[in-house]
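Written below as structure tokens is the structure these notes are about.
The values are calculated or read from the model by the stated rules, or taken from the named source; none is laboratory data. The structure presented is a predicted model; accordingly, all values stated were derived computationally and were not measured. Quick reminder, even Gly has a Cβ in these numbers, built from the backbone with ideal geometry, and neighbours come from all protein chains shown.
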Amino acid sequence: MIELDEAARKAIDNARALTVIMLEQGWGTVHVVSSEGEYFLARESGHCDPLAPAAQVAAAPVAAAPVAPAAVPATEIKAPHIATVVSLAAVGTVVAAGQALATLRVLDTVSEVVAPVAGTIAGHGAAVGDLAEFGTVLVRLQPQP
Amino acid sequence: MALRRLFVANRGEIALRIVRAAQALNIETVVAVSEADKDSAAARLADRSVVLGPPSAAKSYLDPRLVVHAARETGCDGLHPGYGFLSERAILPRLCAQNGIAFVGPEPDVIEGLGDKIQARTMARAAGVPLVPGCDEIATAADARREGDRIGYPVLIKAAAGGGGRGMVIANNADEAEAGFQRASAEAVAAFGDGTLFMERFVPQARHVEVQLMGDGNGRVIHFGERDCSVQRRYQKLIEEAPCAAMPDHLRQQLHASAVALAASVNYRNAGTCEFLFDVLRQEFYFIEVNARIQVEHPVSEMISGFDLVQEQLRIAGGAGLSLAQDQVSLSGHAIECRINAEDTLRDFLPSPGRITRWSAPEGEGIRLDSHMSEGAMIPPFYDSMVGKLIVHAATRDAAIDKLDAALAEFHVEGIATTIGLHREIINHPDFRANTIHTRWLEQVLLPARQAEKAA
């Protein structure tokens, strides 16, 4: 049996948690740089990539034969941990990738949940004042076509 | 003002145990879970459960801010930390106090003081509790000889900056102490760049004994006897008994008095355990540390006292004093607990998570099972591997061993590897029956013999 040191165990723990978040959010890649280290996780293909949406669009052939666009399902943006919902972007708001979708509070500390991709707020899954548990849908984001 | 709604900040069997104790006292319960424990037995039994975060303990059970926020926002007026996780982190009671929640445990300053090895030794010395005889600084070979003679052999000479056995020597007489000083000092300089050494008495045959305490926070402390937890592997307890049958009565009384004196000296509140090393050859005991929480092995003390320690914890946290006096604590018979872990004992105790396909547990008078498991339950790979504790109580130690053996034989678990088979081998070993074991017995005697047998 391999004896892992504390740092290695923590790194595996973090990677595991990131994988869960990546799968739940439907992201194709996750790239996190923190004081504990750098993590890069990627799926093989077929998923939205928050790091390179522009590149994918640019690479698409401009003169492609017109096809009926498939309905892109709205992305569910979920609470990353238990927290009280302080504010939610209004339905219909157009947001850029990285823009705040919701503010959450834990004790007296407030943090933002940001859009992984550009899009429009299609609906809410929680209300301001709710105690949102981990995984609770905060908003549904319709990605920009 | 008794507690009205309790937040359970733990998982596994102890979360279930706490929910049941609260329900017996008509206290509502909210259980905190990670994503992996949403369907746990405690979550199902509680009035409410809330998902703190993902399976990673660091992002759920180990985040004190998430825990206290969830407790406050679910309207809880009390919080039980269980054991492990945040139970001995002073930040938890501090955040509780700031948010008007009663912490089921001692004051944060007491947790911090007892959690610091040096401070805890100072407190113990001040309360008249015996410490391992030793000397903090050995500067020369002559010091080693003089202090070794004073302390009594064998002695352990150790690098102050040490760890991992480097710069560590056992000396059986004055000549060995002198030679050992030279070697340990050289090793310590080479390994740590610091040749400072200390010396303490080496206990070749030690038993781990501990006293169960309960305090009201105003200097009143009572005890529920002692436990013997000498069956250990890598400092993890596997089997615990109450009382310590290897200890004579006059020492037992001194042991209890020492533990109570230390806890009373810091106005200890709620449940705690004072741990000691019992030197069998010299018939002396020395302070190790205080665990400022309920312990895994508390059921053996409950079995011999007939008293529910977790319910008493909740009453005290709700503002009540101790519900009984020392002379109302009556201990009888002998109790033994086995920790059933999901581990493969033949593969170096490798954790064996997975789904339980069969769970057929023993029942009967004097048999208690504290477990959150059942057929079809899933053991997630993220946490410790304990799936339950089997506890038996009988009139004598021999009768308790027989009862435990029969109960273990009836305990059928499939789908995962468990330590059930190993427990039967331990308790039927002549050394365990004769009660001549010590803290390194399992690793030095039983496991090597077992390994050799399997290899043959």
Cβ pairs under 8 Å, 6+ apart, first in region B:40-52 and under 20 Å from residue B:376 (Cβ atoms), second surrounded by fewer than 21 Cβ atoms within 10 Å (Cβ to Cβ) and not hydroxyl-bearing (Ser, Thr, Tyr): B:41/B:377; B:45/B:20; B:45/B:23; B:49/B:38
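Quick one: which residue in B:187, B:226 is in the same structural domain as residue B:245 (by TED's automatic domain parsing) and either surrounded by fewer than 16 Cβ atoms within 10 Å (Cβ to Cβ) or of a type in the set (Asp, Glu) (or both)?
Sole residue among the options that is in the same structural domain as residue B:245 (by TED's automatic domain parsing) and either surrounded by fewer than 16 Cβ atoms within 10 Å (Cβ to Cβ) or of a type in the set (Asp, Glu) (or both): B:226.
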Residue that is farthest from the other protein chains (Cβ to nearest Cβ), among those in region A:97-123 that are closer than 30 Å to residue B:67 by Cβ and of a type in the set (Val, Ile, Thr): A:114
Residues of region B:91-113 satisfying the condition of being of a type in the set (D, E, K, R) and in a loop (DSSP other than H, G, I, E, B): B:107
Flag for residue B:152 being modelled with pLDDT under 90 and either within 24 Å of residue B:278 (Cα to Cα) or not assigned by TED's automatic domain parsing to the domain that holds residue B:287 (or both): no
Only one of B:336, B:367 that is in contact (Cβ under 8 Å) with a residue 12 or more places away in the chain, over 17 Å from residue B:419 (Cβ atoms) and of a type outside the set (Phe, Trp, Tyr): B:367
Single unsatisfied condition, residue B:234 versus (1) buried (at least 24 other Cβ atoms within 10 Å of the Cβ); (2) at pLDDT below 95: (1)
Residue among B:343, B:289, B:363, B:297 that alone is over 25 Å from residue B:254 (Cα atoms), within 20 Å of the chain's Cα centre (by Cα) and either surrounded by fewer than 19 Cβ atoms within 10 Å (Cβ to Cβ) or charged (D, E, K, R) (or both): B:343
Answer residue from region A:108-145, given it is buried (at least 17 other Cβ atoms within 10 Å of the Cβ) and touching a helix residue (DSSP H, G or I) at 6+ places or on another chain (Cβ under 8 Å) and is nearest to residue B:73 (Cα to Cα) among those: A:131
Any hit, region B:27-44, residues being surrounded by fewer than 22 Cβ atoms within 10 Å (Cβ to Cβ) and under 26 Å from the mean Cα position of the chain (by Cα): yes
